[in-house]
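The values are calculated or read from the model by the stated rules, or taken from the named source; none is laboratory data. Fair warning: this is a prediction, and the values are worked out from it, not measured in the lab. When we count neighbours, we look across all protein chains shown, and the Cβ atoms used for this are built from the backbone with ideal geometry, even at glycine. Just so you know, the surface numbers come from the protein's heavy atoms only, side chains and all, with ligands and any DNA or RNA stripped out. Shrake-Rupley method; radii C 1.70, N 1.55, O 1.52, S 1.80 Å.
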Amino acid sequence: MERTNSKRLDSFELTISDITDADLDALHALSMSVGWPHRAEDWQIVRELGKGVVARDAIGRVLGSAMWFDYAPDFTNIGMVITSPRLQMLGAGRWMMNHVLAQTGSRAIGLNATRSARRLYSSLGFIAERTVYQCNGEAVAPPDGSLPPGTRLRALARDDLDEIAALDVAAYRADRRPVLARLLEISKGVALVRGDQIAAFSLCRRFGRGHLIGPLVAANDEDAIAVTRPHVADHAGNFLRLDTRQKSGPFAEFLAQSGLPVYDTVTSMSLRRPWLPEEAGSEAPIIYALATQALG
Ligand SMILES: CC(C)(COP(=O)(O)OP(=O)(O)OC[C@H]1O[C@@H](n2cnc3c(N)ncnc32)[C@H](O)[C@@H]1OP(=O)(O)O)[C@@H](O)C(=O)NCCC(=O)NCCS
């Protein structure tokens, strides 16, 4: 008969429950267990903005999470999918994702997949569309640069919500107004004004190890740089992060010169219909920086 003092068991009995009932500290511990930088406050924000589930073991410990953000009647963004390292590769991720997919009905879905999650999402039918470059580091004060002709910068105020939400819808192609409203409360915002209209905007808030710039919506690199420069200057010498799909060009070069080299990449993937606009092109506004990988 086996008589050791400990035994490793691979069979966990998991139950799924609503994320609103989970302790923020438990969620924070879960994301730290996979090396994610989120603070409990960052979890608080995503939990306010989306729906989600946690997987608990027999004694109620949180060992998994998955969230979804219903931005439109026909579009959902999935994020915060985590399985505790001691439970990985045992089917928990797939089980949670199947649960989430069942909740999203026939909605089209977008998400940003880490390397370890790509295989899971591919096997569920998700198609890879674009790479996201996670740029971060110790910000370096950028050299002064001139603004695009005919433009000026100003701080964003709460009553700019309608205008930035309209710009964001044009770029994101789903209405993230509740996200913008909440982030505006906790961010410093910068608008680039052309004529009497906001042509580009960016928000910057505390997140993870320091500050994060996003979302950032602009129609070209020059406008995007104009609304990024003030945040880089504000945080010179401190940790700053920006997640972008711009691989090259003036904006990507500006980030590298600002002390924000590419640190990691994730892959934007979609299910049921293509998500992101074509890469090259028009002067339509695009998402230059993600709100976060989970929020899109
Ligand atoms: C991604 C993650 C949620 C997968 O959870 P999981 O519980 O291990 O997933 P499953 O056991 O259901 O495995 C699903 C598939 O992914 C594969 N997989 C799991 N971890 C993997 C890894 N590190 N690298 C490559 N493939 C991996 C499994 O082999 C399985 O594929 P198969 O069914 O074809 O054999 C988990 O690895 C994790 O939390 N990682 C850290 C956080 C993260 O990156 N989250 C994703 C955010 S988009």
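Of note:
Yes/no per residue for (1) closer than 17 Å to ALA294 by Cβ; (2) open to solvent by less than 10 Å² (accessible area, probe 1.4 Å):
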| residue | (1), (2) |
| --- | --- |
| SER202 | no, yes |
| LEU212 | yes, yes |
| LEU216 | yes, yes |
| ILE225 | no, no |
| VAL232 | no, yes |
| GLN246 | no, no |
| PRO274 | no, no |
| GLU278 | no, no |
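- Only one entry in GLY208, GLY195, GLY145 is under 21 Å from TRP43 (Cα atoms) and either exposed (fewer than 15 other Cβ atoms within 10 Å of the Cβ) or within 16 Å of the ligand (Cβ to nearest atom) (or both), namely GLY208.
- For the range 255-269, taking the residues that are hydroxyl-bearing (Ser, Thr, Tyr), open to solvent by less than 30 Å² (accessible area, probe 1.4 Å) and within 15 Å of the chain's Cα centre (by Cα), the one that is farthest from the ligand (Cβ to nearest atom) is identified as SER268.
- Residue match in the range 172-187 (condition: open to solvent by less than 70 Å² (accessible area, probe 1.4 Å) and within 16 Å of the ligand (Cβ to nearest atom)): no
- Where a residue in the range 81-98 is of a type in the set (Gly, Ala, Ser) and its partner, wherever it lies, is assigned to a strand (DSSP E or B) and near the ligand (Cβ under 6 Å from one of its atoms), with Cβ under 9 Å and at least six apart: ALA92/THR83; GLY93/VAL81; GLY93/ILE82; GLY93/THR83
- In the range 161-254, counting only strands (runs of 3 or more DSSP E) that sit wholly within it, the ones holding 2 or more residues that are β-branched (Val, Ile, Thr), more than 18 Å from ASP144 (Cβ to Cβ) and under 19 Å from the mean Cα position of the chain (by Cα) span 210-218.
- Within the range 116-128, residues that are aromatic (Phe, Trp, Tyr) have Cβ atoms under 9 Å from residues that are more than 6 Å from the ligand (Cβ to nearest atom) and not in a strand (DSSP E or B) in these pairs: TYR121/MET97; PHE126/ARG118, counting only partners at least 6 apart in sequence or on another chain.
Yes/no matrix, rows are residues, columns are (1) open to solvent by less than 40 Å² (accessible area, probe 1.4 Å); (2) in a helix (DSSP H, G or I):
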position: ILE16; (1), (2): no, no
position: ALA26; (1), (2): yes, yes
position: GLY35; (1), (2): no, no
position: GLU41; (1), (2): no, yes
position: ILE45; (1), (2): yes, yes
position: GLU48; (1), (2): no, yes
position: ALA66; (1), (2): yes, no
position: TYR71; (1), (2): yes, no
position: MET80; (1), (2): yes, no
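- Test: ALA128 is open to solvent by 20 Å² or more (accessible area, probe 1.4 Å) and among the aliphatic types (A, V, I, L, M): yes
- Verdict on ALA117 being surrounded by fewer than 17 Cβ atoms within 10 Å (Cβ to Cβ) and in contact with a strand residue (DSSP E or B) (Cβ under 8 Å, 6 or more places away or on another chain): no
- Selection status of ALA117, within 16 Å of the ligand (Cβ to nearest atom), touching a helix residue (DSSP H, G or I) at 6+ places or on another chain (Cβ under 9 Å) and assigned to a helix (DSSP H, G or I): yes
- Each residue in the range 87-111 was checked for being outside any helix (DSSP H, G or I), near the ligand (Cβ under 8 Å from one of its atoms) and open to solvent by less than 20 Å² (accessible area, probe 1.4 Å), and 1 pass.
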